[in-house]
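Shown next, in structure tokens, is the structure this report addresses.
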Amino acid sequence: MELKRAYKFRLYPTITQEKELDTHRWRSKNLWNTLLDFAIKRYNETGKFPTKSQLQSETKKTGMYSQSAQDVSHRLHKALLRCFIMRKRGKKAGFPRFKNIDRAKSIYYPQSGFSIVGKKVKITPFGEISMVIHRPIEGTMKTLSLKRESSGKWFAVFTVEQETKPFISNGKGQIGIDLGLKTFATLSNGTKIGNPRHLAKWEKILAKRQRNISRKKKGSKSRFLAKRKVANVYEKIQNSRADFLHKTSIQLVNSYSLIGIERLQSQEMAEHAYGKQINDAGWNRFANMMVYKAENAGCQVVFVDAKDTTKTCHVCGTKKNMSLYERTYVCDKCNSVTDRDINAAQNILHRATTVGQTGSHAWGDTNE
Ligand SMILES: [Zn+2]
């Protein structure tokens, strides 16, 4: 079985390389718009969408690396096909949208055109670009995206396929984890993992700097600089959050042989069905990190259905309604009294260790 992972490394292009990267980033988005324009015109004139090869022959003159250009035409072709199928079924379907050139962010290499040479990455047509490889790449490299973040920094994101090894347990205990907003995670043994405090501080600074932008004149240099500052703080928050998630997930997979965690739902579903406010992005990322770190640590991550984990008494299994604000579960039947989140974590552990529960290992769920 194969496991997909992504590695993200900071790039340090020279001034010339950065100019070229920007040009290609622009070309990539521009190509989408040019092809889309071509497709719409053709459709209006003939009533037909262009074929894959017709789109592809339009990509030839862009000056882009041929595979990156082809990837743009493939993606557009897929989007057009979706639109075509919808219309055929009698549903209303608009054309794909034109892309805003200012927001163009990345250049994609679907299979080749890049290789790692020492501490640099060699990319057609930019040549060798300096890169900080902060962790070794394990597995076979498949794709590369070159991304420019709003702070102006460039990154290389490699996706890699790894062979999964046979599972050998680390022989440690089992735990259930309930994820929350106030407390980041509550373990079934009663341990609570709070959100990192310094994040709150940076979030305050972020809010202040965001207000600062609105006071600057539109299009002015000072507004541009204020925006940069916001992007920098935002990046700092992202980094320290990622750092927290990495450290916490490593600690957990090293301490337990089985971790039960809830399968995450969309925001509305969670609120309506489970009476829970959620932080989707952060939790999904955290769950993914645990899954891919678990294998080497001899730990198994089991996803369980989160339905009613808050409403069920972990001692006797009776259910009752719990408002979002009730912090303690008091059971009317067996009289047990348990902290709301610990009760939920206990239920998650129970479901994860019950025979017949699906989702063991759940490698297929991860794509980080
Ligand atoms: Zn009970």
Complete set of residues in region 300-319 that are within 28 Å of PHE167 (Cα to Cα) and touching a strand residue (DSSP E or B) at 6+ places or on another chain (Cβ under 7 Å): GLN300, VAL301, VAL302, PHE303, VAL304, ALA306
Tell me whether region 184-194 contains one or more residues that are more than 22 Å from the chain's Cα centre (by Cα), in contact (Cβ under 8 Å) with a residue 40 or more places away in the chain and on the phi > 0 side of the Ramachandran plot. yes
Pairs needed: first member in region 332-350, over 17 Å from LEU181 (Cβ atoms); second member anywhere, more than 10 Å from the ligand (Cβ to nearest atom); C-beta distance under 6 Å; at least 6 residues apart or different chains. GLN346/SER188; ASN347/THR309; LEU349/GLY176; LEU349/SER188; LEU349/GLY260
Taking region 1-22 on its own, how many of its residues are in a strand (DSSP E or B) and among the hydrophobic types (A, V, I, L, M, F, W, C)? 4
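A quick yes/no check of all residues on (1) more than 13 Å from the ligand (Cβ to nearest atom); (2) in contact with a helix residue (DSSP H, G or I) (Cβ under 9 Å, 6 or more places away or on another chain); (3) at pLDDT 95 or above:
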site	(1), (2), (3)
TYR325	yes, no, no
VAL330	no, no, yes
THR338	no, yes, yes
ALA352	yes, no, no
VAL355	yes, no, no
THR358	yes, no, no
Does region 295-315 hold any residues that are crowded, with 19+ Cβ neighbours inside 10 Å and either within 16 Å of the ligand (Cβ to nearest atom) or without any contact (Cβ under 8 Å) to a residue 24 or more places away in the chain (or both), and which are they? THR309, THR310, THR312, CYS313, HIS314
Determine which member of the set ARG25, ARG75 is assigned to a helix (DSSP H, G or I), crowded, with 16+ Cβ neighbours inside 10 Å and under 24 Å from the mean Cα position of the chain (by Cα). ARG25
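Listed here are the residues, each with its yes/no results for (1) among the aliphatic types (A, V, I, L, M); (2) modelled with pLDDT of 85 or more; (3) assigned by TED's automatic domain parsing to the domain that holds HIS350.
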{"residue": "ILE177", "(1), (2), (3)": "yes, yes, yes"}
{"residue": "GLY190", "(1), (2), (3)": "no, yes, yes"}
{"residue": "ARG197", "(1), (2), (3)": "no, no, yes"}
{"residue": "GLN210", "(1), (2), (3)": "no, yes, yes"}
Close pairs from region 39-65: first closer than 22 Å to SER28 by Cβ, partner of a type in the set (D, E, K, R), Cβ under 9 Å, at least 6 apart: ARG42/LYS48; PHE49/ARG42; PRO50/ARG42; PRO50/GLU58; GLN54/ARG42; THR62/ARG27; GLY63/ARG27; MET64/ARG27
Members of region 46-62 found to be part of a loop (DSSP other than H, G, I, E, B) and over 31 Å from the mean Cα position of the chain (by Cα), listed by number: GLY47, LYS48, PHE49, PRO50, THR51, GLU58
Within region 92-120, residues more than 24 Å from the chain's Cα centre (by Cα) and not in a loop (DSSP other than H, G, I, E, B) come out as SER115, ILE116, VAL117, LYS120
Given the conditions (1) closer than 30 Å to PHE224 by Cβ; (2) in contact with a strand residue (DSSP E or B) (Cβ under 9 Å, 6 or more places away or on another chain); (3) in contact (Cβ under 8 Å) with a residue 40 or more places away in the chain, report the number of the one that PRO125 does not fulfil. (2)
Filter region 192-220 for residues that are in contact with a helix residue (DSSP H, G or I) (Cβ under 7 Å, 6 or more places away or on another chain) and of a type in the set (D, E, K, R); which is nearest to VAL230 (Cα to Cα)? ARG209
Could you list, in sequence order, all residues of region 211-242 that are more than 21 Å from ARG148 (Cα to Cα), without any contact (Cβ under 8 Å) to a residue 12 or more places away in the chain and either part of a helix (DSSP H, G or I) or in contact with a Gly (Cβ under 7 Å, 6 or more places away or on another chain) (or both)? ARG211, SER214, ARG215, SER222
Can you name the condition, by its number, that ILE137 falls short on among (1) over 22 Å from the mean Cα position of the chain (by Cα); (2) assigned to a loop (DSSP other than H, G, I, E, B); (3) under 21 Å from VAL253 (Cα atoms)? (1)
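Criterion first (under 21 Å from ALA345 (Cα atoms), in a strand (DSSP E or B) and modelled with pLDDT of 85 or more) does LEU245 satisfy it?
Values: under 21 Å from ALA345 (Cα atoms): yes; in a strand (DSSP E or B): no; modelled with pLDDT of 85 or more: yes.
Judged against the criteria, LEU245 is not a match.
One line per residue, one yes/no per condition, for (1) within 21 Å of GLU235 (Cβ to Cβ); (2) touching a residue at least 40 places away in the same chain (Cβ under 8 Å); (3) polar (S, T, N, Q):
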residue: GLY152; (1), (2), (3): yes, yes, no
residue: LEU179; (1), (2), (3): no, yes, no
residue: LYS182; (1), (2), (3): no, no, no
residue: LEU199; (1), (2), (3): yes, yes, no
residue: GLU203; (1), (2), (3): yes, no, no
residue: ARG209; (1), (2), (3): yes, no, no
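Evaluate region 173-185: report whether one residue or more is assigned to a loop (DSSP other than H, G, I, E, B) and within 17 Å of ILE261 (Cβ to Cβ).
Looking only at region 173-185, we keep the residues that are assigned to a loop (DSSP other than H, G, I, E, B), and these are 180-182.
In the following step, the residues that additionally are within 17 Å of ILE261 (Cβ to Cβ) were identified as 180-181.
Yes, some residue in region 173-185 is assigned to a loop (DSSP other than H, G, I, E, B) and within 17 Å of ILE261 (Cβ to Cβ).
The values are calculated or read from the model by the stated rules, or taken from the named source; none is laboratory data. Computed from a prediction, not measured in an experiment: that's the story for all the values here. All Cβ positions, even for glycine, are placed from backbone atoms using ideal geometry, and neighbour counts span all protein chains on display.
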